[in-house]
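Report on the structure given below.
The values are calculated or read from the model by the stated rules, or taken from the named source; none is laboratory data. Everything numeric in this text was worked out from a predicted model, so none of it was measured. So basically every Cβ, Gly included, is an ideal-geometry build from the backbone, and we count neighbours across all protein chains shown.
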Ligand code: AMP
């Protein structure tokens, strides 16, 4: 998608340091971190949200990539979140998995 910011990041059009990358996903630091560690894992291929992502292997791979990014950053306790739809807090409509860690977190989320 030509006007999608995460497509531009995945494609290298917007420079980012990747904490993990392979042929299917990239992981990078969130621009507005909500925790001491806040990483986003995105597929290189564009999906509006998790609802459009039919590729179960890809979705599973996103979680594996998040685990690898956490290991790289030596974060042992973390939360993985996929906001889906505006009511759930999704603001960028390219599927992404949040990895949040480095502080205590409340449950349920606000
Ligand atoms: P969500 O609200 O679940 O859609 O999450 C979107 C996330 O993308 C937010 O946490 C933003 O801070 C983050 N974000 C938006 N633009 C960028 C960017 N250029 N680089 C890194 N993170 C970004």
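Scanning segment 76-90 for residues that are part of a loop (DSSP other than H, G, I, E, B) and closer than 16 Å to residue 29 by Cα yields a total of 1. Of the residues making up segment 53-75, those that are without any contact (Cβ under 8 Å) to a residue 12 or more places away in the chain and either in contact with a strand residue (DSSP E or B) (Cβ under 6 Å, 6 or more places away or on another chain) or not in a loop (DSSP other than H, G, I, E, B) (or both) number 7.
Would you check if residue 106 is in a loop (DSSP other than H, G, I, E, B) and either more than 11 Å from the chain's Cα centre (by Cα) or away from the ligand (no atom under 14 Å from the Cβ) (or both)? Yes, satisfied.
What are the residues in segment 1-17 that are within 8 Å of the ligand (Cβ to nearest atom), without any contact (Cβ under 8 Å) to a residue 40 or more places away in the chain and in a helix (DSSP H, G or I), if any?
If the condition is that a residue be within 8 Å of the ligand (Cβ to nearest atom), without any contact (Cβ under 8 Å) to a residue 40 or more places away in the chain and in a helix (DSSP H, G or I), then 9 is the only one that fits.
Cβ-Cβ distances below 8 Å connect the following pairs, each with a first residue in segment 84-110 that is loosely packed, with under 10 Cβ neighbours inside 10 Å, a second residue that is outside any strand (DSSP E or B) and modelled with pLDDT of 95 or more, and a separation of six or more residues or different chains: 91/83. Are there any pairs, at least 6 apart or on different chains, whose C-beta atoms fall under 6 Å, with the first in segment 18-38 and closer than 13 Å to residue 62 by Cβ and the second in a strand (DSSP E or B) and away from the ligand (no atom under 13 Å from the Cβ), and if so, which? Listed pairs, sorted by first residue: 25/43; 27/20.
Across segment 18-54, the qualifying residues are those that are exposed (fewer than 14 other Cβ atoms within 10 Å of the Cβ) and more than 26 Å from residue 104 (Cα to Cα), and the one among them that is modelled with the lowest pLDDT is 54.
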